[in-house]
Number of protein chains: 2
Amino acid sequence: MRRETYNEFRRLCQEHNLAATHQREKIYEALVSRPGHYSPEEIYEQVKQDLPSISLATVYKNLKTFLHAGMLREVSPHHGSWRIDANRHPHHHLVCTHCRSITDLDFDSLGPVKLHGKLPSGFRLEKFTIEAQGICKACTAAETKQH
Amino acid sequence: MRRETYNEFRRLCQEHNLAATHQREKIYEALVSRPGHYSPEEIYEQVKQDLPSISLATVYKNLKTFLHAGMLREVSPHHGSWRIDANRHPHHHLVCTHCRSITDLDFDSLGPVKLHGKLPSGFRLEKFTIEAQGICKACTAAETKQH
DNA sequence: AATCCTTTAATAACTATTATCATCTGATAA
DNA sequence: TTATCAGATGATAATAGTTATTAAAGGATT
Ligand SMILES: [Mn+2]
Ligand SMILES: [Mn+2]
Ligand SMILES: [Zn+2]
Ligand SMILES: [Zn+2]
């Protein structure tokens, strides 16, 4: 691992009160040292090359820990199960990052996406979709109650 | 089912050479007759109220059939498995609707999202994310070869 | 009504994720 | 340095989500 990456890892662990274990170090490295948007399984395969006895459950658990600490992000806040949309009109979505609920947002309530320059060559664009991510009304209310 | 919805269903089935079965009718109705972004399991539960002997596999198969025919949409083209992003800088994504690959798109390559009016009250916005959906270079190349 | 082809129900198989728990280890202070 | 212990790990069972298989049933066409 690059010295710089290692130091950053130690710092992040300290900041978030996490033990800097070998497993966490390698999981972090597997993600940060190369581009891409990997699945837990892919990270597991990568880390196993250095730590053959690591458990897949450890990978899952630490990814959650890292996400919770804000050290990493998830690509999509609604990966859990397949969701079907019967609204065939162009429109956007409000997505709650807490309960994962999805509601329609009128197409005209957001301006068009402006492209500066060009997309990477070879990519055949079909459409832009915009998601407004945040906390829905119900979750905000539930949160407030607790305090 | 509303007469209008029923006629639309028959028309769509004819257009796409699909037998207009009871099961398909109820699956279509479960989606179209109410707002929301349902999972196959949720649709199954709804349809079972009318057709108690329907199989979950039938729901899955027909959702795929409908999607393929363009009668419905999926909310996200990358729901399959959890994907982690180690890039903490604000940025967007190119998503291939064919192979589901995800690549980064520089934040500045797209203009800011313009909000016309207000979001539904109670929703606490964290950020907008934009996905450029289309066919990636590799998939386009593979497609071209076949012809 | 008979035939053909599609669709369905049931269920096994498979993939993805989470829970459980005995054991181990990193961090801290003696 | 060693002892201590909360927190972390590995093994694996359990659960959730999806796909494959196949015999039987049902639309469509004649
Ligand atoms: Mn929608
Ligand atoms: Mn990214
Ligand atoms: Zn919510
Ligand atoms: Zn592709």
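The values are calculated or read from the model by the stated rules, or taken from the named source; none is laboratory data. Not measured: the values here are computed from a predicted model. Glycine also receives a Cβ, built like all others from the backbone with ideal geometry; neighbour counts cover every protein chain displayed. Only protein heavy atoms, including side chains, enter the accessible area calculation; ligands, DNA and RNA are left aside. Shrake-Rupley method; radii C 1.70, N 1.55, O 1.52, S 1.80 Å.
Of all residues in the stretch A:105-124, those that are open to solvent by less than 70 Å² (accessible area, probe 1.4 Å), facing chain B (nearest Cβ under 7 Å) and either outside any loop (DSSP other than H, G, I, E, B) or within 13 Å of ligand 3 (Cβ to nearest atom) (or both) total 2.
Looking only at the stretch A:125-147, filter to residues that are assigned to a helix (DSSP H, G or I) and either in contact with a Ser or Thr (Cβ under 9 Å, 6 or more places away or on another chain) or not hydroxyl-bearing (Ser, Thr, Tyr) (or both); which one of those is least open to solvent (accessible area, probe 1.4 Å)? Step by step, filter the stretch A:125-147, then rank; the result is A:CYS139. Taking every residue in the stretch B:59-87 that is among the hydroxyl-bearing types (Ser, Thr, Tyr) and pairing it with any residue that is away from ligand 3 (no atom under 16 Å from the Cβ) and open to solvent by less than 10 Å² (accessible area, probe 1.4 Å), at least 6 positions away or on another chain, the pairs with Cβ-Cβ distances below 7 Å are B:TYR60/B:PRO40. Counting the residues of the stretch A:37-60 that are surrounded by 15 or more Cβ atoms within 10 Å (Cβ to Cβ) and either modelled with pLDDT under 95 or part of a helix (DSSP H, G or I) (or both) gives 10. Scanning the stretch A:89-104 for residues that are facing chain B (nearest Cβ under 7 Å), under 29 Å from B:THR5 (Cβ atoms) and in a loop (DSSP other than H, G, I, E, B) yields no hits at all.
Would you be able to say whether some residue in the stretch A:117-137 is of a type in the set (Asp, Glu) and in contact with a His (Cβ under 8 Å, 6 or more places away or on another chain)? Looking for residues that are of a type in the set (Asp, Glu) and in contact with a His (Cβ under 8 Å, 6 or more places away or on another chain), one finds at least one in the stretch A:117-137, hence yes.
Can you report the number of residues in the stretch A:93-103 which are over 17 Å from the mean Cα position of the chain (by Cα) and either surrounded by fewer than 19 Cβ atoms within 10 Å (Cβ to Cβ) or outside the structural domain of A:ALA141 (by TED's automatic domain parsing) (or both)? Total satisfying the criteria: 1.
Per the listing B:GLU15, B:GLU41, the residue uniquely of a type in the set (D, E, K, R) and under 15 Å from A:SER81 (Cα atoms) is B:GLU41. Of all residues in the stretch A:9-36, those satisfying the criterion of being within 18 Å of the chain's Cα centre (by Cα) and surrounded by fewer than 16 Cβ atoms within 10 Å (Cβ to Cβ) are A:SER33, A:ARG34, A:PRO35. Cβ-Cβ contacts under 7 Å between residues 6 or more apart (or on different chains), taken from a first residue in the stretch A:16-28 that is more than 14 Å from chain B (Cβ to nearest Cβ) and more than 16 Å from ligand 4 (Cβ to nearest atom) to a second residue that is of a type in the set (S, T, N, Q) and part of a helix (DSSP H, G or I), are listed as A:LEU18/A:THR65; A:GLN23/A:THR58; A:GLN23/A:ASN62.
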